[in-house]
Structure formats: C-alpha cells, structure tokens
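S.K.: Dumping the structure here so I can ask a few things about it.
The values are calculated or read from the model by the stated rules, or taken from the named source; none is laboratory data. As the structure is a prediction and not an experimental result, all values here were calculated from the model. A quick note on method: Cβ atoms are made from the backbone with ideal geometry, for glycine too, and the neighbour counts reach across all protein chains shown.
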C-alpha cells in the first residue's frame, strides 16, 4: 500500500477545484491517505458517478487514513485517493461502500501525488454505479451565484422593455433587435459569464429600491 502524506482536502458532495474553495468549506488536513491507481475507464466512472464499491476495496483502505485534529490524529475509516496517472481526487466512503463525498487537491499536492503514481500498478475493483453526477466546471461557485441571482431578480422586470433593452445594451454593447429581450438576456447570462454581471446586478438592486 502506497500512502501520501500531509494533504489538504475539501470533502463535499460536489467536486470543487481548489480555486473554488471557500473559507467556510470543511477544509481538512490529512496526515496520510492510501493512493490507488485505476485504469482510465474506471477512473472516469469513479470521478463522474456516485458509486458503491465491494468489501475488497473497503477492507484494503479501512482505517488507513489519518486526519489532523489539533495535536491529535483521527482515524478515518474509509478514505482513499484515486489516480489515473494524470489526474487525482479523494473519496470518503460509508460503511456500506457508498461514496459520500469527494475532494480535489491543491496544485502542489496533486503534482506530488501524480509523481508518486507514475510507477504504481493499475488495480481493478468491483463497483456499482448508483447515480450519475454532473461535474460542471464551466463557472466558479461565485459566478454561478451571481448568474442565478441575476436571473431570479431579472424575472421581476421581464415586462419592463426599457429596462430589458438597457441591460441588454450594457451587457452586449449593442442595441437589441430581437423579439423577446428578456428571453435572450436570460440565454446570454446562462451561457457565459462576464464581470459586467456583478455591476448590472447592483444596478438592478438600485432600480428595485426606486420603483
């Protein structure tokens, strides 16, 4: 069994890249965790799905991980790092073998893991796909929040053609010539993020206070 030492994790139901971590997240520091190399095909299944692994894998990783708790160490019952040699992520399993949360790694620590994995043998374990998880890395969490909030507030004024046309011009830099400005605005906002959205959201809030 190969272990990786002194890693920082952000275990959650949704897999966030390191640059999308927040101070309010459950950031943990592990003293050690086992590293397992998978084939490209199985790695992608583990990455993109909620899975249930069998007792062979659970027995292999049982009580092999340790998390720092102040000056003490807490044994983590079922945790492992998985890699395909080019990418890696961590998983926590429950007692029945269901994956319950995942984590990405910091860049420097991921590079360390990938270097360790270069000479590892590829392993295969039995698993069952429980459900598919959509990993959306198109927007950061902050961007998603701004987009969702903007669209939600925009709905209150969708019949205000003057406001819709103004927002469209400010967002796209051109006069609107279509048939439904609100729908096209929502489509534009949903498909791409621009820093203009944060400022336009402030304008919407100011507008709401003065109507």
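S.K.: Yes or no: residue 51 under 26 Å from residue 142 (Cα atoms), touching a strand residue (DSSP E or B) at 6+ places or on another chain (Cβ under 8 Å) and in the same structural domain as residue 119 (by TED's automatic domain parsing)?
M.R.: no
S.K.: Just a yes or no: is a residue in the stretch 113-130 in contact with a helix residue (DSSP H, G or I) (Cβ under 6 Å, 6 or more places away or on another chain), touching a residue at least 60 places away in the same chain (Cβ under 8 Å) and farther than 18 Å from residue 11 by Cα?
M.R.: Checking the stretch 113-130: at least one residue is in contact with a helix residue (DSSP H, G or I) (Cβ under 6 Å, 6 or more places away or on another chain), touching a residue at least 60 places away in the same chain (Cβ under 8 Å) and farther than 18 Å from residue 11 by Cα.
S.K.: Considering the stretch 26-44 alone, what residues qualify as being closer than 20 Å to residue 133 by Cα and assigned to a loop (DSSP other than H, G, I, E, B)?
M.R.: Scanning the stretch 26-44 gives a single hit, 39.
S.K.: Quick check on residue 27: is it closer than 15 Å to residue 102 by Cβ and either touching a residue at least 24 places away in the same chain (Cβ under 8 Å) or touching a helix residue (DSSP H, G or I) at 6+ places or on another chain (Cβ under 6 Å) (or both)?
M.R.: It is false that residue 27 is closer than 15 Å to residue 102 by Cβ and either touching a residue at least 24 places away in the same chain (Cβ under 8 Å) or touching a helix residue (DSSP H, G or I) at 6+ places or on another chain (Cβ under 6 Å) (or both).
S.K.: Now, a different point. Could you say whether any residue in the stretch 184-197 is within 23 Å of the chain's Cα centre (by Cα) and within 22 Å of residue 9 (Cα to Cα)?
M.R.: For the stretch 184-197, residues within 23 Å of the chain's Cα centre (by Cα) and within 22 Å of residue 9 (Cα to Cα): absent.
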